[in-house]
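Heads up, the thing below is written out as structure tokens.
The values are calculated or read from the model by the stated rules, or taken from the named source; none is laboratory data. Remember, predicted model here, so these are calculated numbers, not experimental data. Note that each Cβ is placed from the backbone with ideal geometry, even for glycine, and that neighbours are counted across all protein chains shown. Surface accessibility is based on the protein's heavy atoms, side chains included, excluding ligands, DNA and RNA. Shrake-Rupley method; radii C 1.70, N 1.55, O 1.52, S 1.80 Å.
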Amino acid sequence: MTTLASSPVLPDAELVQREILTLLPVDTNPFVSVAPIEQKTYLVDGEVREWKGKTTDVTSPLDLGGGEPRLGSHPALGPKEALEAMSAAKAAYDNGLGEWPQTSLLDRTAQVLDFARRMEEVRDVVIERITLEIGKTTADATAEFDRTVEYIRRSCEEALKIHSESQGVQHVDGIEASISRQPLGPTLCMGPFNYPLNETFATMIPALLMGNTVVMKPPKAGVLLFEPLLDAFQESFPAGAVNVIYGDGAEIIGPIMESGDIDVLSFIGSAKVADIVSGAHPEPHRLKKILGLGANNPAIVLPDADLESAIPVVGKGSLSYNGQRCTALKVHLVVGEELAQEYALRFAEYVDGLQLGDPRDEGVDITPLAEGAWKVEYLQELIEDAVAKGARVMNNGGGIAKGNLITPAVLYPVTPEMRIFHEEQFGPVVPVVPISYVEEATQFVAQSKVGQQVSIFSSDDSELYSLAKKLQPLVGRVNLNDGCKRGPDELPFTGKRSAAMGTLSIRAALEEFSSPSVLARSFGGYS
Ligand code: G3H
């Protein structure tokens, strides 16, 4: 076992910093030149409209040549255009009498499948835009695109099952009843920057399938990738069923919510923004909310965990897409000081083996952060705070930044006095917390404001299952010897307390965006 005492003395911090800075690949791919993407269009009422007003610049987290991060621009619509989109969605819904909610589930499914087919025609350009705009590796952006198309197909299959279930009848107390699922009304869909395509469509597609009309606003980063899809939306759906608007959230989402015409809000992002958006609705009792918010998922490492197998799993679970996943392992609670030290050292070795660089290059693990300079500064503040309170950065050059790229930092020993113990870092910082008793870990989960998921590591099955049983009432999923994750999409994805509202599996999403309607007939005649 390697212990802190026996570990090689960490090299002089300044020296490491200088070495790492020369290695950091910020002059990303100078040979790949990217023509600016000046988007001028948006989709309202079945028309891809030309925008002549002001625009918002889109910057890439990458250097696109000569230090230039400007990727392009998109329309900055105002309240007038936002309300036109709202009116279009409202008119297309027409209190449930519109063409889309009146179209049968079978026909809607065919139209959604048609959309998926058209979507595949622009696969490459969408993947490239995800990579350029949010710095996700090409491999991960490709996986995001393909998973989304697969999600649409499987949602369609599930919709057909729902349709066939609605054909059955049941007899209850003299009533012959069949139950079908019906739409809820105009829906506002807003996805997050880290899965701009997948998590926007994970709510928008079920909403559409079930007959709701939609106003969609892309996240702050991850905007331009929707432009190649506007024609597909226009061609696959009736006018007003899908409206895609662009601009500053405060300027265009406020008026939409204040109109009181939204019946369903699907939002994935911060709790703070969710509260502002939903709080603007004049009749909150009427607003159905489907929300994916914060998470602070811990890895709980029990005394007999097999670190050899656990480290690559927790490494991926913490650092894939730079730790910018709501399901990322954000804190590592290791039972026993000796084990915790070994865990931190092995984690540091794992991190030293990661490749930093341009997301378009093969084999790259850690890429520049999409959220920009403030995020890098925030992560460095967390690291400095932890170090000032007694933690060490365990890996070589951890926490050094150049541009939007920050090297991952494994911090040990982390204690409750440090900010990183409590704050969701959403970035490549790995806090390792030595604890004496498992009970401290269960209390961490119980006291957390967000109960999304937890991962437990042990080679003793009975330990695993007994802790899992205790934790299941506290969170949406307990993972055994595995990282936290959403998939496969057939499984319910949800959270407790402030982590989420509603459930998103393929089936559950279709149910969330619809309600049962009973067709009843008294078979004894009038009663
Ligand atoms: O960012 C939050 C996502 O829901 C995480 O999804 O577990 O499939 O990466 P994932």
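For the reader, a short list of remarks on this structure follows.
- The ellipsoid that matches the Cα gyration tensor of segment 283-414 has semi-axes, each √(5λ) in whole angstrom, of 26, 21, 16, with the longest given first.
- Calculated on the Cα set of segment 47-171, radius of gyration then Dmax: 19.9, 72 Å.
- Given charges at beta-carbon only (K, R positive; D, E negative), |dipole| of segment 192-333 in Debye: 260 debye
- In segment 221-284, GluC sites (Glu not before Pro) in a DSSP loop with at most 15 other beta-carbon atoms within 10 Å: none
- Relative to the longest principal axis of the Cα atoms of the chain, the long axis of helix 123-134 makes an angle of roughly 50 degrees.
- Across the chain, Cα pairs under 8 Å and at least six residues apart give a relative contact order of 18 percent.
- Once the Cα gyration tensor of the chain is diagonalised, semi-axes √(5λ) in Å: 42, 30, 18
- Calculated on the alpha-carbon coordinates, the convex hull of segment 380-463 measures out at 127 cubic angstrom per residue.
- Residue ranges 371-377, 501-507, 316-322 sort as 316-322, 501-507, 371-377 when ordered by packing (mean number of other C-beta atoms within 10 Å per residue, highest first).
- Note on segment 164-285: percent of Cα-Cα distances in each 5 Å bin, starting at 0 and stopping at the bin with the largest distance, equals 2, 10, 19, 21, 17, 11, 7, 6, 5, 2, 1, 0.
- Unit charges at the beta carbon, dipole of the chain: most positive-side option, Leu319, Ile420, Val112: Val112
- Probe 1.4 Å, accessible area per residue of the chain, Å²: 42 Å²
- Charged-residue dipole, Cβ positions (Lys, Arg, Asp, Glu), the chain about Cα centre, Debye nearest 20: 1100 debye
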